[in-house]
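Undergrad: Questions regarding the structure given below will be posed in turn.
The values are calculated or read from the model by the stated rules, or taken from the named source; none is laboratory data. Being a predicted model, the structure only gives us computed values, none of them experimental. Here the Cβ is made from the backbone with ideal geometry for all residues, glycine too, and neighbour counts use every protein chain on show. Heads up: the accessible areas ignore ligands, DNA and RNA and are worked out on the full protein's heavy atoms, side chains in. Shrake-Rupley method; radii C 1.70, N 1.55, O 1.52, S 1.80 Å.
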Amino acid sequence: MTDGPRMVRIDQWNAFGVNSIGADAAPFPLSIEVVPAGPDGTWTVHGTAATTYDLVDALPWRETVAVLNIGQNSWMDEELRSLPPREIARGQGVPAQAHDVSWTSRRGAPANDLLVLARRDLRQFFADWSLYDVDILDWDGVLTEQDAEELALAVNSRDDDAALLPALPRCRTHLRTHDDCYLTVRSLDSSVPARVLARLLALFAASALGIEDGGTITEPPRELAAGLLERSPFWTGRITGTEQYGVEIGLAPQGWRPNGPVPRAFPVGVRLDRVTGLWTQEWNGAGD
């Protein structure tokens, strides 16, 4: 899994800086929970906090992706109704094939286009606006009108998302985000957990360092993230130190849920030297 340094561009809405928890508006912690692949080969990752824009280029999509179930209040018409996704694509200058799959949505939901996009256009499509729901799946080959209807029906008729990828053999990865903060990724690609954790660490460090729209930060090597996940499938993090050119993230090997307590002890320290772009990790042995 060796990979070189990766620079991540920060959008104007870093979820760690926008969202807060509790009556005292405490900052969101970093959290990740990984469910290893079962008999069907699907890995599941839950985490906080990331916008859709901040995550889409970290995942191993095939060349064609389907985007549907967009819920948003950023693109509105003169009567304050949500614009259909095909209009958002046009406004973002992104080529898209649109299929009206509104009949698969729950009653009262806004117009639901399934957009067929190229993987390379995902970040441009989600740049500079916020949304509260979306499903994104990749697709092997050409996605036809019939494929779009079958895909949308499969996504919107299942209560158990864990059974979705086995039912869609031409899909490999599924991302669902909520409130541009909470994420769930299911994938047949075993690199996804490390990809997600590496991106969350970079976003968390950027928020602590005040890196804003258009700024960049070095993402930690996926080997570092994979090593952490080999130690524990659950991590919760907080910022334990900041300097002008560096930041330290304390990590505890346990999970976190909204309205749940944040760990008191963080036995692992992950540090970024922003000058060199080098990420390092220290274990003090506590909590093993």
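Undergrad: Identify which of R264, R231, R199 has the largest mean-square fluctuation in a Gaussian network model of the chain, with springs joining Cα atoms closer than 10 Å.
TA: Maximum fluctuation in the GNM of the chain, among the listed residues, is at R264.
Undergrad: With the other protein chains left in place, how much accessible area per residue, in square angstrom, belongs to the chain at a 1.4 angstrom probe?
TA: In whole numbers, the chain has 46 Å² accessible per residue.
Undergrad: Select from the chain the helices, each a whole stretch of DSSP H, whose alpha-carbon atoms run 24 Å or more along the helix axis and whose Kyte-Doolittle mean is at least 1.6; answer none if there are none.
TA: Qualifying helices: 192-209.
Undergrad: Here's another thing I want to ask about it. GNM, the chain, Cα, under 10 Å: largest mean-square fluctuation among L83, L114, L165?
TA: Looking only at L83, L114, L165, the largest GNM fluctuation is found for L83.
Undergrad: Now, a different point. In a Gaussian network model over the chain where Cα atoms closer than 10 Å are linked, find which of T236, T144, T177 has the largest mean-square fluctuation.
TA: Evaluated over the chain, the most mobile residue of the options is T144.
Undergrad: Also, quick follow-up: Carbon and sulfur together cover what percent of the accessible area of the chain at a 1.4 Å probe radius?
TA: 48 percent
Undergrad: Now, a different point. If you take the alpha carbon radius of gyration of the chain and divide it by 2.2 N^0.38 Å, what ratio comes out, to two decimals?
TA: 1.00
Undergrad: Same structure, new question: Just in the stretch 57-89: which GluC sites (Glu not before Pro) are loop by DSSP and have at most 14 other Cβ atoms within 10 Å?
TA: Qualifying residues, ordered by number: E63, E78, E79.
Undergrad: To the nearest 0.05, how large is the calculated FRET efficiency for E282 and A111 if R₀ is 35 Å and r is the Cβ-Cβ distance?
TA: 0.10
Undergrad: Okay, moving on. Calculated from DSSP H runs of 4 or more alone, at -39500 (n - 2.57) each and per residue, what is the 222 nm mean residue ellipticity of the chain, nearest 500?
TA: Only helices count here, giving -6000 deg cm²/dmol.
Undergrad: Right, something else. If I stretch the segment between Q92 and D140 completely, what's the gain in nm (0.36 nm per residue apart, minus their alpha carbon distance), one decimal?
TA: Here the segment from Q92 to D140 would lengthen by 14.8 nm.
Undergrad: Largest first and in whole Å, what are the equivalent-ellipsoid semi-axes of the stretch 185-278 based on the Cα gyration tensor, each being the root of 5 times an eigenvalue?
TA: Square roots of five times the eigenvalues give 21, 17, 13 Å.
Undergrad: Now for a different question. Over the stretch 153-192, what per residue volume does the convex hull of the Cα atoms give, in whole Å³?
TA: Dividing the Cα hull volume of the stretch 153-192 by its residues yields 83 Å³.
Undergrad: What percent does the relative contact order of the stretch 167-275 come to when contacts are Cα pairs within less than 8 Å and at least six residues apart?
TA: Worked out over the stretch 167-275, it gives 19 percent.
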